[in-house]
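Below is one structure; the comments refer to it alone.
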């Protein structure tokens, strides 16, 4: 299937999910700068679709990355509180908003690897631990969902997980794989 066809399929999966659309619409309405919903909220929905599971199976949260040159914790905390107040019920606790301009400040200590500063949100995905994780979406003002996927969508739709090229393998790679395969045993793992 072509990349364009995979993108259309992804958009159809997302449009058919009322909770994901609520997150996308709410994020757009809050006018967060340079934002994407990415990680498990996206790829796990596709895996669930591909394997016939419930749309929200295994999904714990909604990672929302944005880019604001103000790297202070106070500025990020303002957005975190806005999101918690905007969404009701369990979504207020499941939506996790993080400024991608701040990642280089905490990443080396948390993961033991260097991390050069980013210049925009989409750049972050090229540094995710696996290409199938590196898919982000945004609901545009015209109602269209835009997709950013620096490594394409094929791995995600084929349930293939491999380390991201040009990046050190995550030190907890085996733990990540074990956890994911416990929920999606159909995953095809390409170990380093």
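A few points about this structure:
- In terms of overall dimensions, the C-alpha atoms belonging to region 1-85 reach 43, 26, 19 Å along their principal axes, ordered largest to smallest.
- Highest mean first, the peptides 183-190, 116-123 sorted by other C-beta atoms within 10 Å per residue fall in the order 116-123, 183-190.
- FRET E, pair residue 186, residue 166, Förster distance 22 Å, beta-carbon r, rounded to 0.05: 0.20
- Cα gyration tensor shape of region 28-142, rounded if a/c is under 1.5, else prolate or oblate by comparing a/b with b/c: oblate
- Chain lengthening between residue 78 and residue 175 when straightened (0.36 nm per residue, less Cα-Cα): 31.6 nm
- Taking region 153-192 and a reference point 7 angstrom along Cα→Cβ of residue 60, the backbone N atoms nearer than 12 Å belong to 176, 179-180.
- DSSP bridge orientation in the chain - percent antiparallel, rounded to nearest 5: 55 percent
- The calculated pair-distance distribution of the chain uses every alpha carbon pair, bins of 10 angstrom beginning at 0, and gives 9, 36, 38, 17, 0 percent.
- Spin-label pair residue 86/residue 4, simplified geometry with 7 Å Cα→Cβ offset, distance in nm: 3.3 nm
Any read-out appearing in this document is the output of simple, stated calculations on the displayed coordinates, not a laboratory observation. All figures in this text were calculated on a predicted structure; none of them were measured in a lab. Ideal geometry is used to build each Cβ from the backbone, glycine not excepted, and the neighbour counts take in all protein chains shown.
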